[in-house]
Amino acid sequence: MSLFVRLKKYKNKTKSSYGKLYTETVYTGEVHTREIAKAVSENTTFRPGEVKGLIDEIVAEMKRQLQDSQIVVLDGLGRFRLVVESEGVEKEEDFNMKTDIKRIQCKFLPAGTRDAEQTGNKQNGRIKRNFSDGAKVKLWPED
């Protein structure tokens with residue numbers, strides 16, 4: 001298995017990157033809950049419907065917890081939190097909940113571990129993300 005990329009020329013003339021080639025990820029499809037449930041069932045004693053039911057319940061419970069101002073951490077997967085974005089106001093009494101809130105977004109931070117590198121200090125070094133660690137990249141075959 002590999003993650004595919006192709007080279008694409010940067011076209012924004014106002015940037016110093018103009019004309020340079022950069023990688024663009026090529027996606028070959030989507031996998032939905034039903035397919036994930038089927039694959040998980042092949043490696044466990046659970047039937048696909050049971051796995052899908054569990055996933056559906058986890059999603060519903062996550063929604064309840066997030067809307068109760070909790071950060072949801074699924075070990076090995078990552079952290080989910082809701083973020084409220086609003087217009088800025090000069091004074092607190094000028095803030096109107098109905099008109100100044102622009103949107104509520106769900107933010108996701110994938111799970112990972114900090115690589116201490118040469119320093120040996122856990123506060124320094126890069127974070128290795130669980131999903132991308134060990135991924136192989138190949139150039140997409142052009143037609």
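The values are calculated or read from the model by the stated rules, or taken from the named source; none is laboratory data. Here the structure is a predicted model, which means the values were calculated and not measured. No Cβ is skipped: glycine too gets one built from the backbone with ideal geometry, and neighbour counts run over all protein chains shown. Only protein heavy atoms, including side chains, enter the accessible area calculation; ligands, DNA and RNA are left aside. Shrake-Rupley method; radii C 1.70, N 1.55, O 1.52, S 1.80 Å.
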Quiz item: Taking the chain as a Gaussian network, where each spring joins two C-alpha atoms under 10 Å apart, which residue of Gly49, Gly88, Gly78 fluctuates the most?
Solution: Gly88
Self-check item: Surface share of carbon and sulfur [accessible, 1.4 angstrom probe, percent] for the range 1-64
Solution: 56
Practice problem: Report, by chain and number, residues whose modeled amide H sits under 5 Å from the one on Leu3, excluding near sequence neighbours (fewer than 5 apart, same chain). | Solution: Lys136, Val137, Lys138
Quiz item: Most mobile of Thr45, Thr14, Thr33 per a Gaussian network model of the chain (Cα springs, under 10 Å)?
Solution: Thr14
Quiz prompt | Vicinal HN-Hα couplings computed from phi for the range 100-105 (Karplus, 6.51 cos²θ - 1.76 cosθ + 1.60; Hz; Gly/Pro x) | solution = 8, 7, 7, 6, 10, 10
Self-check item: Segment Lys15-Asp75, length gained on full extension (0.36 nm per residue, minus Cα span)
Solution: 17.6 nm
Quiz prompt | Mean shadow area of the chain over all directions, Cα convex hull, nm² | solution = 16.2
Self-check item: Calculated FRET value between Arg129 and Arg64, using beta carbons and R₀ = 35 Å, to 0.05
Solution: 0.85
Exercise. Decide, for the range 5-51, between rounded, prolate and oblate: order the square roots of the alpha carbon gyration tensor eigenvalues as a ≥ b ≥ c, take rounded if a/c falls under 1.5, and otherwise choose prolate if a/b is larger than b/c, else oblate.
Key: prolate
Quiz item: Picking from Val84, Val59, Val51, which is most flexible by a Gaussian network model of the chain using Cα springs under 10 Å?
Solution: Val84
Self-check item: Heavy-atom surface of the chain, accessible at 1.4 Å and reported per residue (Å²)
Solution: 87
Quiz item: Quick one: which of Lys20/Lys138; Lys13/Lys138; Lys15/Lys98; Lys20/Lys63 span more than 31 angstrom between C-alpha atoms?
Solution: Lys15/Lys98; Lys20/Lys63
Quiz item: Say R0 is 22 Å: what FRET efficiency, to the nearest 0.05, do Trp140 and Glu30 get from their beta-carbon distance?
Solution: 0.80
